[in-house]
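Okay, structure first, notes after.
The values are calculated or read from the model by the stated rules, or taken from the named source; none is laboratory data. Here the structure is a predicted model, which is why all the values come from computation and not from measurement. So basically every Cβ, Gly included, is an ideal-geometry build from the backbone, and we count neighbours across all protein chains shown.
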Amino acid sequence: MNPSLATRNGPHSAGIDAQGVLDSRMLPDPEFDLMWDSIFVDEEIKTRLLSQGLLNFVLRPALARGAIPLHGIILLVGPPGTGKTTLAKGLASRVAASVSNMGEFRFIETEPHALAGAALGKSQKAVREFLGGTVAEAAASGPLIVLLDEVETLAADRQKLSLEANPVDVHRASDAVLAQLDHLASENPNVLFIATSNFPQAIDEAFLSRADLRVDVGLPGDEACYAILNDTVAKIAQSFPGLNRLLDGHQLQEAGAACYGLDGRQIRKAVITAMTFDKRTALNPEQLTAQDIFNAVNMARQSKESA
Ligand SMILES: Nc1ncnc2c1ncn2[C@@H]1O[C@H](COP(=O)(O)OP(=O)(O)OP(=O)(O)O)[C@@H](O)[C@H]1O
Ligand SMILES: [Mg+2]
């Protein structure tokens, strides 16, 4: 195998290196399990995602398709940086770990731009080869979970695409996605697609209507803000134990309260920004103070408000 592909596919690779595949691996996967635990959202969201994922593999193989129109699609939408991709990967692993009677699960992550816009003039063919070839072949050898990240690039809303600005091929690619998804859904009840988007207005209505569950992941609430901040410091403290002194402290709680309005990515990044105020802290992160974190959070908030 091409060495760059071997690296790209990671140590638990499922060895699928076709066009449009960013990552492939066997599930459950320890790295993905950690991702599930690292996202702080309402427990209800995790319960519904996991339940829908399990229902996909319990109900669909058992029921006639005509009876219940399940397509095997879960859609996560929400603003950038709210943990959708991370949750999707974690979900894939958790579903695989909970379904014990179907054999080994495979996971494929799509490379959206390789399938859509980038291959102008070829996207319809690329989509057909990916869904009808790569995905169908992988599904033939066992249960499969496919991450369709940034799905709006793949299932673009045909109504909103102007034919002049967007070559007819993009329209056809959306049609091809829908036709292939219908075909896959009827032939392969052992496939689950987990799609994410921070731009649901741009997704084709027909795709939205095929999603079996749509979950809106919003910005983190008060409690989640603090939990993300505390968790970020705790993760760094695993390598720089001097930072344990900050955990659960009053000042960190104040910084957590100031995070409200930021997304999870911005909160985690604020802790790193806090280490840029003094190069001695950059050289020795254990010198970081709760005040630095508080200041970095406020800077992030101000830059978000003025954007
Ligand atoms: N609710 C959250 N709890 C903990 N960490 C979070 C949360 N939301 C985001 N993060 C962190 O932010 C980073 C970005 O998350 P991720 O890439 O999954 O977001 P996303 O919603 O897919 O963003 P985008 O829409 O830009 O693709 C990750 O490091 C993730 O751990
Ligand atoms: Mg994402």
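Just one of the numbered conditions (1) at pLDDT 85 or above; (2) more than 19 Å from Asn198 (Cα to Cα); (3) loosely packed, with under 15 Cβ neighbours inside 10 Å is not true of Pro80: (2).
Conditions (1) assigned by TED's automatic domain parsing to the domain that holds Val151; (2) within 11 Å of ligand 1 (Cβ to nearest atom); (3) among the hydrophobic types (A, V, I, L, M, F, W, C); (4) touching a strand residue (DSSP E or B) at 6+ places or on another chain (Cβ under 6 Å), marked per residue:
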| residue | (1), (2), (3), (4) |
| --- | --- |
| Arg48 | yes, no, no, no |
| Leu54 | yes, no, yes, no |
| Ala64 | yes, no, yes, no |
| Ala67 | yes, no, yes, no |
| Leu75 | yes, no, yes, yes |
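Just give me the residues in the stretch 282-299 being part of a helix (DSSP H, G or I), of a type outside the set (Asp, Glu) and within 16 Å of Gln251 (Cβ to Cβ), in sequence order.
Kept after step one, since they are part of a helix (DSSP H, G or I), are these residues of the stretch 282-299: 282-283, 285-287, 290-299.
Within this subset, residues satisfying the condition of being of a type outside the set (Asp, Glu) are 282-283, 285, 287, 290-291, 293-299.
Scanning the stretch 282-299 gives Gln287, Ala290, Gln291, Ile293, Phe294, Asn295, Ala296, Val297, Asn298.
Residues that are within 13 Å of ligand 2 (Cβ to nearest atom) and part of a helix (DSSP H, G or I) were ranked within the stretch 44-90; the one that is nearest to the chain's Cα centre (by Cα) is Thr85.
Quick check on this structure: which one of Phe193, Phe199 is closer than 25 Å to Gly261 by Cα and in the same structural domain as Leu87 (by TED's automatic domain parsing)? Steps first, please.
On the way: Phe193 fails: closer than 25 Å to Gly261 by Cα.
Only one candidate passes the filter, namely Phe199.
For Pro241, state whether it is surrounded by 22 or more Cβ atoms within 10 Å (Cβ to Cβ), in contact (Cβ under 8 Å) with a residue 40 or more places away in the chain and more than 28 Å from Ile68 (Cβ to Cβ). Full working, then the answer.
Details: surrounded by 22 or more Cβ atoms within 10 Å (Cβ to Cβ): no; in contact (Cβ under 8 Å) with a residue 40 or more places away in the chain: yes; more than 28 Å from Ile68 (Cβ to Cβ): yes.
So Pro241 does not fit the description; no.
Of the listed requirements (1) more than 16 Å from ligand 1 (Cβ to nearest atom); (2) surrounded by 18 or more Cβ atoms within 10 Å (Cβ to Cβ); (3) not small (Gly, Ala, Ser), Leu87 misses just one: (1).
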